[in-house]
Every structure is written in C-alpha cells, then in structure tokens.
Amino acid sequence: MSAPTIYQVAKWLRTEHNIEVVPMPLSPSTVLMGGEKYVLYLFKDGQRIIQNTNKVCFITYEEALLNGILYIIENVI
C-alpha cells in the first residue's frame, strides 16, 4: 500500500490549507549535546494556534512533526 510521507503531508497542509507545522529545538544546546528535544508550533493563516513550549517535548524532529500533523487532522481540519 502506498501512502504519503510525513513531509508530503506537511507540504499538503501548507499549500492546500495554509497550515504550518513547525517543530523547533527546545534550545540550541539540546541539539548540540545530542540530547535533542523539540517543541511544536502550529500556525493557520499566519496565526499561531498552538505553542507547545515546555509542555510536551519530542525526542526527534519527525516525532514532533508527526504529532503536529495528527493534531491538525483530528482538531482543525
């Protein structure tokens, strides 16, 4: 079965729904020290709808991106 990648879904959200899913490092030092932690920001039409700082941290960029996509699909679209 073929399915889009999380990056293709993120692009589709940007182009078709004007929604940005933006994982960001919790702090630059966490990435440099190998203890990556990411937080999540979600924007729709340029307005922030979620700022997930210090509440939930994700270990990888992809984990944060996937959780953001799932949130958008379940709560916004």
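The values are calculated or read from the model by the stated rules, or taken from the named source; none is laboratory data. Being a predicted model, the structure only gives us computed values, none of them experimental. Positions of Cβ are generated from backbone atoms using ideal geometry, with glycine treated the same way; all protein chains shown enter the neighbour counts. These area figures cover heavy atoms from the full protein model, side chains too; ligands, DNA and RNA do not enter into them. Shrake-Rupley method; radii C 1.70, N 1.55, O 1.52, S 1.80 Å.
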Output the residues belonging to the range 38-50 that are open to solvent by 80 Å² or more (accessible area, probe 1.4 Å) and either at pLDDT below 85 or in contact with a Leu (Cβ under 9 Å, 6 or more places away or on another chain) (or both). R48
Looking at A10, A3 in this structure, which one is in a loop (DSSP other than H, G, I, E, B) and at pLDDT 90 or above? A3
